[in-house]
Amino acid sequence: MPRPRILVINPNSNPMVTQGLEDALKPLGFDGGPELVCQSLADGPFGIESQADVDGVAMPLRKLVEGDNSSAAFVIACYSDPGLQVCREGTDRPVFGIAECGVLTALARAETFGVIAIAQRSIPRHMRYLRQMGLTDRLAGERPLNMSVAETASGEGTLAKMIDIGRALRDEDGARAIVMGCAGMARHRHPLEDALGIPVIDPTQAAVTMALGAVQFSAH
């Protein structure tokens, strides 16, 4: 029988972000386990950086999920979880959003969490989502890098900025775990965790871990 497939969708069209996702997910692959496939949304913007970007990719994501009869589960790899609910309406297979999964994973590791956002204007959008989830009382703080998605994926000095912000979230805001608030930050998780000494959650890894569990348990 063919291996079940988990499709990880990068809703932007930046191939470096998608490559970063593939690299970050390699430790989750195992012999006989589900195939992990990362795919960019060809019609997506180069980065999801505004509410207009979030809203604009919702229906293309729904079309992609609804038309896919091969994947056993889907992961939407953008920290705004664009189109998550409308995609869930379009399939009877599980659809995971990385923001939702990243925050839930952080709460399993610590009493309070902090978020590193790509930009200041992302924070109100993230706060609306946390209020919908009823989890604002566990948020220690959210601070921005003020960089683009592309810069977080490939720019020089990104890690040093993330360490500075992570220390502020830890020492000034009281965060006991850090969630990286952009899929483009994936390659920085391990060195950031080493520098901060507290759990650092890559939300895409968190979401794919949940998807693996769902697919494996449904098959056994």
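Overview of results
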quantity: Karplus-derived 3J(HN,Hα), 6.51/-1.76/1.60, for each residue of the stretch 111-126, Hz, glycine and proline x; calculated: 6, 10, 9, x, 10, 9, 8, 6, 8, 4, 6, 6, 5, x, 5, 5
quantity: Inter-site label distance for F46 and S70 at 7 Å from Cα along Cβ, in nm; calculated: 3.0 nm
quantity: Accessible area in the full protein assembly, largest first, 1.4 Å probe, for M133, M180; calculated: M133, M180
quantity: Separation in nanometres of the label points that stand 7 Å from Cα toward Cβ, at T136 and D55; calculated: 2.2 nm
quantity: Probe 1.4 Å - accessible area at I165, Å² to nearest ten; calculated: 30 Å²
quantity: Dipole of the chain, positive end: most advanced residue of N69, L25, G157 [Cβ charges, Cα centre]; calculated: N69
quantity: From phi via Karplus (6.51, -1.76, 1.60), per-residue ³J(HN,Hα) for the stretch 131-147 in Hz, x at Gly/Pro; calculated: 5, 4, 7, x, 10, 5, 6, 9, 7, 6, x, 9, 10, x, 7, 6, 10
quantity: Net length gained if the chain between E156 and L28 were fully extended (0.36 nm per residue, minus Cα distance); calculated: 43.4 nm
quantity: Where the stretch 100-203 is the region considered: accessible area per residue in Å², 1.4 Å probe; calculated: 42 Å²
quantity: Low-density loop positions, trypsin sites (Lys or Arg not before Pro), the stretch 144-217 - DSSP coil, at most 10 other Cβ in 10 Å; calculated: none
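The values are calculated or read from the model by the stated rules, or taken from the named source; none is laboratory data. Computed from a predicted model, the values in this text were never measured in an experiment. FYI the Cβ positions are ideal-geometry reconstructions off the backbone, even for glycines, and counts take in every protein chain you see. Note: accessible area is taken over every heavy atom of the protein model, side chains too, but ligands, DNA and RNA are not part of it. Shrake-Rupley method; radii C 1.70, N 1.55, O 1.52, S 1.80 Å.
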